Amino acid sequence: MLKNTLLFSLLALSLTGCVGLNTVSMTQVPAQRNNVITTSSASWNFIGINFSNAFVDEAVDKLKGQCPTGKIEGVYTKHQTTGYVLMFKREVIVSAYCNEV
Amino acid sequence: MPIKLKSILGLSFLLMGGCSQLHHVHIGDIDQSQGTLTPFTIQVNELGFDLAKTAEIGAEVAKSSSTSEDLELVAFILAISNFGPKTGNPVYNDAYAAKVLAEVIKVCPSKKLTGLTSVREATNVGPVSGEVVSIKGYCINNNQTNNI
């Protein structure tokens, strides 16, 4: 009986969705779309306890670093949370176009 | 469990709950072609308060069982009254974020802004929270264009 319960629990766990999409945003998309840049930053926590949201700044800095003298346009920002067992990964995934002027 | 230990554990969880919650992120276009960038941060916040959670805590720590039951009922009524989609705890001022635009314009003397990142976040301590709106961005210094 216990074996069945465990197996059923494992099956149920495998069917459970584990990613929550928090927010999505996009800015004006430029006509010139040759140079795509992408970056992401994440923050792990235990049972949802966080003390800082500074990982967002990290994503912005990484994005700036990939286009140091150009214009970063068409910025697509996705904020999502992935749940593991008792652990959660908050993530900001960004893609954009870098256009040199 | 002895009542003292229960209270200490409850208080610890309340303080542990003092956590930062990220609700929304929006990263805007960043123009690094017109000159050097000076970062700035604007932050406004408002006190958020979850009355239902407060009543729940009251029910937990109430000494008499009748008071505890009454508070549980109050918590239930408050919870169903405020049921629905919401971001963070309710606040008492719906215009607290309205001043960010004026602040952003004021902070940048060159009037050229870029890389605006809007963040909606909250810091929770039990039933009380700081409901925060942060705007981070850059002022474009016209050094490069002035030199040309």
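Tabulated data for the structure shown
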{"item": "Efficiency of FRET between A:Val36 and A:Leu13 - r from beta-carbon atoms, R0 35 angstrom, step 0.05", "result": "0.45"}
{"item": "Over chain A, relative contact order from alpha-carbon pairs under 8 Å, at least 6 apart, %", "result": "39 percent"}
{"item": "Label-zone membership for the range A:61-91, site A:Gln28, 7 angstrom Cα→C-beta point, backbone N under 16 Å", "result": "A:71-76"}
{"item": "Given 11 as the ceiling on other Cβ atoms within 10 Å, longest exposed-site-free region of chain A for chymotrypsin sites (Phe, Trp or Tyr not before Pro) in DSSP loops", "result": "A:1-50"}
{"item": "Cα coordinate range in the range A:18-99, projected on the principal axes (Å, largest first)", "result": "43, 21, 14"}
{"item": "Alpha-carbon centroid distance for the pair the range A:19-39 / the range B:84-148, whole angstrom", "result": "21 Å"}
{"item": "Value at 222 nm in deg cm²/dmol, rounded to 500, when DSSP H runs of n ≥ 4 in chain A each add -39,500 (n - 2.57)", "result": "-8000 deg cm²/dmol"}
{"item": "Column: log10 I(q)/I(0), Debye, Cα scatterers of the protein assembly as shown, q = 0.07, 0.10, 0.14 Å⁻¹", "result": "-0.36, -0.66, -1.06"}
{"item": "Whichever aspartates and glutamates have a C-alpha closer than 18 Å to that of B:Lys112, once near sequence neighbours (fewer than 8 apart) are set aside", "result": "A:Glu73, B:Asp29, B:Asp31, B:Glu103"}
{"item": "Across the protein assembly as shown: Cys residues that no other cysteine approaches within a C-beta distance under 4.7 Å", "result": "A:Cys18, B:Cys19"}
{"item": "Too-long pairs where the Cα-Cα distance tops 22 Å, listed order kept, from A:Lys78/B:Lys53; A:Lys62/A:Lys89; B:Lys111/B:Lys136; B:Lys53/B:Lys86", "result": "A:Lys78/B:Lys53"}
{"item": "Residue with peak Gaussian network fluctuation, chain A [Cα springs, cutoff 10 Å], from A:Val36, A:Val24, A:Val85", "result": "A:Val85"}
{"item": "Whole-Hz ³J(HN,Hα) from phi, Karplus 6.51 cos²θ - 1.76 cosθ + 1.60, for the range A:85-98, glycine and proline x", "result": "6, 6, 10, 10, 10, 8, 9, 10, 10, 10, 10, 7, 10, 9"}
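We did not get these values from a lab; they are worked out from the coordinates using the rules stated. Predicted, not measured: the structure shown is a model, and the values here were computed from it. In this analysis, Cβ positions are derived from the backbone assuming ideal geometry, glycine residues included, and neighbour counts consider all displayed protein chains.
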